[in-house]
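Read the structure below first, then the notes.
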Amino acid sequence: MAIMILNGALLYRLVIVVTIACLGSLFWFSYLNNCSPVQHPQQRPARPDLVKEEKPILLLWFWPENLLFNLSDCQTIFNIDSCFLTDNRSLYSNADAVLIYHKSINRDLSNLPPSPRPPFQKWIWFNLESPYHTAKKPGIENLFNHTLSYRQDADIFTRLHLTVRKTPDENFEIPKKEKLVCWFVSNKNGRERNAYYNELKKHIYVHMYGKVNGTRLEHKDYYSTMANCKFYLSFENSVYKDYITEKINGPLSVGTVPVVLGPPRKNYENFIPGDAFIHVQDFPDAKSLAEYLMRLDLDEVAYRRYFNWRRHFSPQRHLVQPQAFDLPICTACEYIATHKYYKEIHDLYKWYNN
């Protein structure tokens, strides 16, 4: 009888313990459920082709100039990982932005994305050419709502900027020079620059490289050849506000003095120290410029003054083909992740050609 009473007491205690444990577990899981993050109602369903994090989708509608690069370049080169960059057109209906390269658009607009544009979507007009070399495609004036260009007043402004140094760099050494003046030119576009060159070469020898004379450089030799020149002709193919391309970035990055032909000096000085380059407009004619370059060739102290800016600023080399369009595309990726406001563009050409 005592054993039965004892077993009954043990059984009663066991029931109490199990009951408390069950109630505790129920309370704990209820607490966890209430504290778990609430899923955003607009969150897209998971897809195997997207990264784990939810990022805006940037759809590259055309490969610029058909130059294919690794889509991971944005992260590996520029440390930009704020969007999901793709060229998969099947993702069009989910894309937050579509990047459309102007030169690739058919004149009849038949290769553009489906219209009308979804209200949530950014169509980014991507053009790095000057107005003179931008063919008009009737019908696109009101299609786009964002712009990507070299222009400072574009929505997405793309340029390699000089980096400011906190402490001066006293260790820069000018590379060894074996040539006086060089020019890399891939085509004969640009009436003004061609006319100036034809006059300049009467007074000073210019080492020319490119398709125009059959001495095109390999990409691997681009920077080493440029560094071997004391002066480089950074001649733009047309003269427009802000149209200052990689033609000046290259020589600055390798320790060569650029001689620029493009917008006025003040426009250049928005981006580059005034003592880092020579402007053709600083001289009455090409003959005077040639004489000045030859004097600098004999005056090492005066020549070195064109590198004083290197103490306080650091230049960066631009990418060459096939990665020439990496920077603007990656800049667009960063932009769409941080700019989510509504915007419209009316009369695209009026803005660009003004």
What number of residues within region 301-354 are over 11 Å from the mean Cα position of the chain (by Cα), part of a helix (DSSP H, G or I) and over 30 Å from residue 277 (Cβ atoms)? 6
Looking at region 106-122 only, could you name the residues that are at pLDDT 95 or above and either of a type in the set (S, T, N, Q) or buried (at least 21 other Cβ atoms within 10 Å of the Cβ) (or both)? 106, 110, 111, 121, 122
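So if I check each of 312, 339, 318, which one is in contact (Cβ under 8 Å) with a residue 24 or more places away in the chain and touching a Lys or Arg at 6+ places or on another chain (Cβ under 7 Å)? Give the steps one after another, and end with the answer.
Details: 339 fails: touching a Lys or Arg at 6+ places or on another chain (Cβ under 7 Å); 318 fails: touching a Lys or Arg at 6+ places or on another chain (Cβ under 7 Å).
Result: 312 is the single residue among 312, 339, 318 that is in contact (Cβ under 8 Å) with a residue 24 or more places away in the chain and touching a Lys or Arg at 6+ places or on another chain (Cβ under 7 Å).
Okay, residues lined up against (1) surrounded by 12 or more Cβ atoms within 10 Å (Cβ to Cβ); (2) outside the structural domain of residue 195 (by TED's automatic domain parsing); (3) of a type outside the set (A, V, I, L, M); (4) closer than 13 Å to residue 180 by Cβ:
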{"site": "252", "(1), (2), (3), (4)": "yes, no, no, no"}
{"site": "258", "(1), (2), (3), (4)": "yes, no, yes, no"}
{"site": "264", "(1), (2), (3), (4)": "no, no, yes, no"}
{"site": "267", "(1), (2), (3), (4)": "yes, no, yes, no"}
{"site": "279", "(1), (2), (3), (4)": "yes, no, yes, no"}
{"site": "288", "(1), (2), (3), (4)": "yes, no, yes, no"}
{"site": "301", "(1), (2), (3), (4)": "no, no, no, no"}
{"site": "307", "(1), (2), (3), (4)": "yes, no, yes, no"}
Got at least one residue in region 267-278 being touching a residue at least 60 places away in the same chain (Cβ under 8 Å), farther than 22 Å from residue 164 by Cβ and β-branched (Val, Ile, Thr)? no
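May I ask you to list the residues in region 158-168 that are touching a residue at least 40 places away in the same chain (Cβ under 8 Å) and more than 18 Å from residue 123 (Cβ to Cβ)?
Step one: list which residues in region 158-168 are touching a residue at least 40 places away in the same chain (Cβ under 8 Å), which gives 158-165, 168.
159, 160, 161, 162, 163, 164, 165, 168, listed by residue number.
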Strands (runs of 3 or more DSSP E) (entirely within region 128-238) containing at least 2 residues that are in the same structural domain as residue 285 (by TED's automatic domain parsing) and buried (at least 18 other Cβ atoms within 10 Å of the Cβ): 179-184, 229-235
Filter result (buried (at least 19 other Cβ atoms within 10 Å of the Cβ) and farther than 21 Å from residue 149 by Cα) within region 69-83: none
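The values are calculated or read from the model by the stated rules, or taken from the named source; none is laboratory data. Quick caveat: nothing in here was measured; it's all calculated off a predicted structure. Reconstructed Cβ throughout: ideal geometry from the backbone, glycine too, with neighbour counts over all protein chains shown.
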